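The values are calculated or read from the model by the stated rules, or taken from the named source; none is laboratory data. Here the structure is a predicted model, which means the values were calculated and not measured. No Cβ is skipped: glycine too gets one built from the backbone with ideal geometry, and neighbour counts run over all protein chains shown. The area values use the complete protein model at the heavy-atom level, side chains included, leaving out ligands, DNA and RNA. Shrake-Rupley method; radii C 1.70, N 1.55, O 1.52, S 1.80 Å.
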Amino acid sequence: MKTISLKIIFIVGITILIASNAFSQEAYNLQYKFSKGKNYLYKNYTDVSSTQEVMGQKMKFNTNSQSVLRFQVNNVAENGDADMTVSFDSLTVRTYMMGRDTTLDLSSLIGKRAKATVTPLGEVKNYEMIDPIDEKFQMMSISHQISQFFAQLAGNKIKEGETWNNNRIDTVKSMGSTITDTMNFVYTLAGKETKLGHECFKIPFTTNLTMHGSGNMQGMDLYIDGTGKATGTVYFDVNSGLIVYSETNMDSNMTMSTSGEQSMVIPMTQSTKSTQTLVSD
């Protein structure tokens, strides 16, 4: 009897081990699942703390922005590409500097539409403004927001603990300057976790950023160079194929220099915290 019992225990143990190993090898092919006619609303929050040094004097200021971004899906192609119209439902930006609290008037951006095509992997292509906006607001434009919104998925089956890379280049033109950001992302599939009532894949990521820009402001040539590093987490709904929540923390260092009679070099450090939350789908 004892021999038979030991054999049964051994067989059960092997069965559990095989089942456990099979489960750990499960792989997922993550994709966005946009639906025609749907409106997806995201509440976005960003807080930026900056310190810059001008002619030996340090200046600190803080910028806080809150917005609700609407993605209206007009059509979904057979390959899953979604044609969207995107606009701000609300947008406020406040700055705190030298004891002054200023709220920027960005009401002219509310309802201004952009169009874009988003692939099932989160690649944003063919994005451009439909409604014209003032050039001084280009940094806050819808097209700029779209280009950085979606986490890029792997494009193949990924197992828990595995990573994938994505490189992204974003160029913004504003007030006579052109700034190009180059970002190198590393994503990791960390398993499943419940977030805001949704069963989600938890996807931590890291990012390295380089920034280069140039332009002319009030007759002065302007040059911008910088680097940054970020960490964050994306929570991707297992069933609906949507981002439910994401958070990013970034620290960056940059230098702004001017040429001409009033040439100067202005070093700047920034700490940025941002979140995106799905509020309606």
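So here's what we get for this one:
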read-out: Qualifying positions in the stretch 176-189 - out of contact with any Phe, Trp or Tyr (no Cβ under 6 Å at 6 or more places or on another chain), without any contact (Cβ under 8 Å) to a residue 40 or more places away in the chain and of a type outside the set (S, T, N, Q); value: D181, M183, V186
read-out: Residue among G37, G56 that alone is over 30 Å from K159 (Cα atoms), over 23 Å from the mean Cα position of the chain (by Cα), at pLDDT below 90 and not polar (S, T, N, Q); value: G56
read-out: Failed item, numbered, when D170 is tested on (1) more than 28 Å from L41 (Cα to Cα); (2) of a type outside the set (A, V, I, L, M); (3) modelled with pLDDT under 95; value: (1)
read-out: Residue match in the stretch 204-215 (condition: within 30 Å of E26 (Cβ to Cβ) and either polar (S, T, N, Q) or touching a Lys or Arg at 6+ places or on another chain (Cβ under 7 Å) (or both)); value: yes
read-out: The stretch 259-281, residues that are among the acidic types (D, E) and free of Cβ contacts under 8 Å to residues at least 12 places away in the same chain; value: E261
read-out: Members of the stretch 239-277 found to be closer than 23 Å to D221 by Cα, open to solvent by 60 Å² or more (accessible area, probe 1.4 Å) and either β-branched (V, I, T) or modelled with pLDDT of 95 or more (or both), listed by number; value: V265, T269
read-out: Of residues in the stretch 26-55 being of a type in the set (S, T, Y) and outside any loop (DSSP other than H, G, I, E, B), the one most open to solvent (accessible area, probe 1.4 Å); value: Y45
read-out: Any hit, the stretch 202-210, residues being in a strand (DSSP E or B) and more than 16 Å from the chain's Cα centre (by Cα); value: no
read-out: Boolean, M211 is in contact with a Ser or Thr (Cβ under 6 Å, 6 or more places away or on another chain), within 25 Å of N167 (Cβ to Cβ) and open to solvent by less than 60 Å² (accessible area, probe 1.4 Å); value: no
read-out: Positions within the stretch 217-228 being over 20 Å from D181 (Cβ atoms) and in contact (Cβ under 8 Å) with a residue 24 or more places away in the chain, in sequence order; value: G219, M220, D221
